[in-house]
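The values are calculated or read from the model by the stated rules, or taken from the named source; none is laboratory data. Here the structure is a predicted model, which means the values were calculated and not measured. Here the Cβ positions follow ideal geometry from the backbone for every residue, glycine too, while neighbour counts run over all protein chains shown.
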Amino acid sequence: MLLRILDASGAPLERLCRRGEADLARVEPAVREILDRVQREGDEALVTFAARFEGRAQRPTEIEIPPGRVRAAAASVAAGTMEALRFAAGRIRAFHERAMERERDLSFEEGGVELGQLVTPLASAGVYAPGGKARYPSTVLMAAVPAAVAGVAEVVLCSPSPTPEVLAAASIAGVARVFDVGGAQAIAAMAFGTETIPAVDAIVGPGNLYVACAKKLVSGRCAIDGIAGPSEAVVLADDHAVPSRMAADLLTQAEHDEEAYAILVTTSRKLAAAVQVEVERQVASLPRRAIAERSLADKGAILVAEDLDTAVSVCSRIAPEHLTIVTADPAGVLAKRPVAGCIFVGPDTPQTAGDYVAGPSHVLPTGGAARFGAPLGVHHFLRRSSLVRYTSAALEAQAEPMTSLARLEGLEAHARAVEIRLARGPRT
């Protein structure tokens, strides 16, 4: 059997909880070389790496895809596909417009002190959409639409050899410029800028280990959404779950790539055995069977917990990217606030909905980062400035603790900045 049935404790669980410790160190020297060369050589480095890593000849003038070609690609896409992309974009936009309603300036006054917060969109953002084993126009929508809703002035996209569907998604999402660049070199280009690609304020989107490492290394020069790892699905279920549905949900992430995690956490050994059989049956007919089987064999598991509270605790310790809850009382489980990037509640909620049309972004924290990270949203594309304004009376009222704390820390100029405003001579 591809999926092993294990107790939800001990070494197997500990390994799952440590899965976010990706071997970035292994690729970091190569990634640093790429970043350095792109920073020094600009476009020439990009075409050099296109030849080295992708085996294709590319001239600097071919890095940017002209707007006319983007429009032509969108026009060439099948009508049904365009309809689906527009439907998804509309759902994503509607969700993030509601989220944006909460991102407002803040201001209040208290005893002559005005305090607040100014919320302003970033000037620019870069979206990375990977190539490789599959192309994901949905990721373009899930990353670029929230940026547009947040009010980012210029959203650019980097993707290696983008398909017409990826270009169509870029057009629908309002992407301003598209660049035919992939890998760590694309992250470097968006962080540092080249002759063709502008430096941006934030870089978002998933990618392979090299892309993840590059994002980590440029963080601080620009904002990043997180360091993405392989796809993850955890399904929490009891005897009320239908085995075929649970198996299908596990396979939705296992088919992404060989490193993906597909985990069932259950209180029922009967369900565990049934899902084990169903996974074998369903995977046999998948077009990406080899990928899914490798994922299940290497990274998959069925963890059996002694009771529901333990099962919920196990899920929160794993802190997965996706968590499906199919139990007798899914709302009761949700009330326990399990830790996950996106939570799918009830028997009729496939993870597919979240990946495409539900509305929240499918760019989610992985590798246990859901413990502190958040799904990609409008907040990733906004900057906040604190606002402070004092009246002279308010300054007078708070002068003593201000100057006392300043002098406690040995910062005399801080104290004098208060006293000069109050027309006091500085203490000698």
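Candidates ALA184, ALA150: the one that is within 18 Å of the chain's Cα centre (by Cα) and under 30 Å from ARG102 (Cα atoms) is ALA150. The residues listed here are ARG289, ARG281; of these, the one that is surrounded by fewer than 23 Cβ atoms within 10 Å (Cβ to Cβ) and within 16 Å of PRO243 (Cβ to Cβ) is ARG281. Scanning the stretch 21-69 for residues that are among the β-branched types (Val, Ile, Thr) and over 25 Å from the mean Cα position of the chain (by Cα), which turns out surrounded by the fewest Cβ atoms within 10 Å (Cβ to Cβ)? For the stretch 21-69, the residue satisfying everything is THR61. All of (1) more than 30 Å from ALA188 (Cβ to Cβ); (2) in contact with a Lys or Arg (Cβ under 6 Å, 6 or more places away or on another chain); (3) of a type outside the set (Phe, Trp, Tyr) hold for ALA45 with one exception: (1). Yes or no: the stretch 379-389 includes at least one residue that is within 16 Å of ALA223 (Cβ to Cβ), of a type in the set (Lys, Arg) and in contact (Cβ under 8 Å) with a residue 24 or more places away in the chain. There is at least one residue in the stretch 379-389 that is within 16 Å of ALA223 (Cβ to Cβ), of a type in the set (Lys, Arg) and in contact (Cβ under 8 Å) with a residue 24 or more places away in the chain. Condition first: outside any helix (DSSP H, G or I) and either within 21 Å of ALA148 (Cα to Cα) or out of contact with any Gly (no Cβ under 6 Å at 6 or more places or on another chain) (or both). Now tell me which residues in the stretch 166-192 satisfy that. Correct list: GLY174, VAL175, ALA176, ARG177, VAL178, PHE179, ASP180, VAL181.
Of the listed requirements (1) in contact (Cβ under 8 Å) with a residue 40 or more places away in the chain; (2) in a loop (DSSP other than H, G, I, E, B), ARG104 misses just one: (1). Identify the single condition in (1) without any contact (Cβ under 8 Å) to a residue 40 or more places away in the chain; (2) farther than 23 Å from PRO365 by Cα that ARG269 does not satisfy, given that it satisfies every other one. Unmet condition: (1).
With respect to being within 17 Å of GLY226 (Cβ to Cβ) and surrounded by 15 or more Cβ atoms within 10 Å (Cβ to Cβ), LEU364 fits the description. Residue pairs whose Cβ atoms lie under 9 Å apart, separated by 6 or more positions or on different chains, with the first residue in the stretch 154-168 and at positive phi and the second at pLDDT 95 or above and buried (at least 24 other Cβ atoms within 10 Å of the Cβ), are SER161/GLY182. Note on the stretch 218-253: among residues that are part of a loop (DSSP other than H, G, I, E, B) and hydrophobic (A, V, I, L, M, F, W, C), the one that is nearest to ALA331 (Cα to Cα) is ALA241. Checked against the criterion of being in a helix (DSSP H, G or I) and modelled with pLDDT of 95 or more, the stretch 337-350 has no qualifying residue.
Contact annotation: residue pairs with Cβ atoms under 7 Å, 6 or more positions apart or on different chains, pairing a residue in the stretch 1-20 that is loosely packed, with under 13 Cβ neighbours inside 10 Å with a partner that is aliphatic (A, V, I, L, M), are ASP7/VAL304. Within the stretch 336-354, no residue that is outside the structural domain of GLN253 (by TED's automatic domain parsing) sits with its Cβ atom under 8 Å from a residue that is outside any loop (DSSP other than H, G, I, E, B) and not polar (S, T, N, Q) at 6+ positions apart or across chains.
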